[in-house]
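Engineer: Sharing a structure below in structure tokens format, with a few things to ask.
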Amino acid sequence: MRRTAILWSLALCALSGCVSYGGRYPMNWPDRVVEQSGQCQVVDGDFQDTGEKFEEVADLQYVQEPARLARLLGTWGDQDGLPDENTANLSDTDPYRAVRLRLIDQRLEVTAYPAEGESRSFQLPVEPECDETLVELAADWNADSFVVISALDRASLKLGRASDGSLIVKANSAGSMFFLYAPMFWGKDQTWFRFRPAPVPVDEAESTVGD
């Protein structure tokens with residue numbers, strides 16, 4: 001489904017003459033944390049599942065809408081430790097009370113804690129080096145073809161922090177469309193996500209419930 005959408009989106013862009021969009025970091029969000037060159041930002045922590053998405057939909061036209069951290073990460077590439085049939089559960093109507101991130105040996109461990117019931121955990125591979133101090137998940141490549149038209153898309157997610165402790169996610173997507181083997185169109189876009197720290201850390205919340 002996603003590959004078909006990518007192909008037709010690129011085809012429409014080529015026909016309409018649209019160009020790529022590079023979403024700027026929202027000016028009304030807290031400043032981004034910037035580490036020294038060569039150092040990766042610390043993304044470990046407990047965060048709210050419900051956040052906000054900031055996207056440039058046209059030249060200098062932006063939209064800001066709700067986003068879900070568990071769904072954003074749970075539908076990214078291939079997850080280890082999460083059965084395919086459970087992936088849809090990460091888009092439940094009710095948000096999780098918290099999502100915990102832990103970076104362990106080049107893998108990002110994600111644990112989503114519902115208001116009731118058992119938590120769900122999975123892991124995502126991480127690139128060996130950071131990009132501009134941001135922790136980068138392994139890229140997601142997609143390819144599709146229709147008769148003599150083909151498309152190739154590369155998407156990436158990069159994680160960092162804001163000055164208020166929020167998790168910042170930078171999503172990039174770049175794609176090309178080909179007629180036979182000749183390139184016809186190339187475009188890219190960029191979207192920002194922000195998820196605030198969980199009001200009460202998971203360990204403290206569970207301790208309070210036990211008392």
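Engineer: Would you list Val34, Val110 from fewest to most Cβ contacts within 10 Å?
Structural biologist: Working: Val34 13, Val110 24.
Going from least to most buried by this count: Val34, Val110.
Engineer: Right, another one. By counting other Cβ atoms within 10 Å of each Cβ, how are Ser37, Ser119, Ser173 ranked from fewest to most?
Structural biologist: Working: Ser37 8, Ser119 14, Ser173 18.
So the residues, fewest neighbours to most, are Ser37, Ser119, Ser173.
Engineer: Now for a different question. Taking the Cβ of each residue in Ile168, Ile104 as the centre, tally the other Cβ atoms inside 10 Å and list the residues starting with the fewest. Walk me through the intermediate numbers first.
Structural biologist: On the way: Ile168 23, Ile104 10.
With the fewest neighbours first, Ile168, Ile104 line up as Ile104, Ile168.
Values quoted throughout were computed directly from the atomic coordinates according to the rules given, and no laboratory measurement underlies them. Here the structure is a predicted model, which means the values were calculated and not measured. No Cβ is skipped: glycine too gets one built from the backbone with ideal geometry, and neighbour counts run over all protein chains shown.
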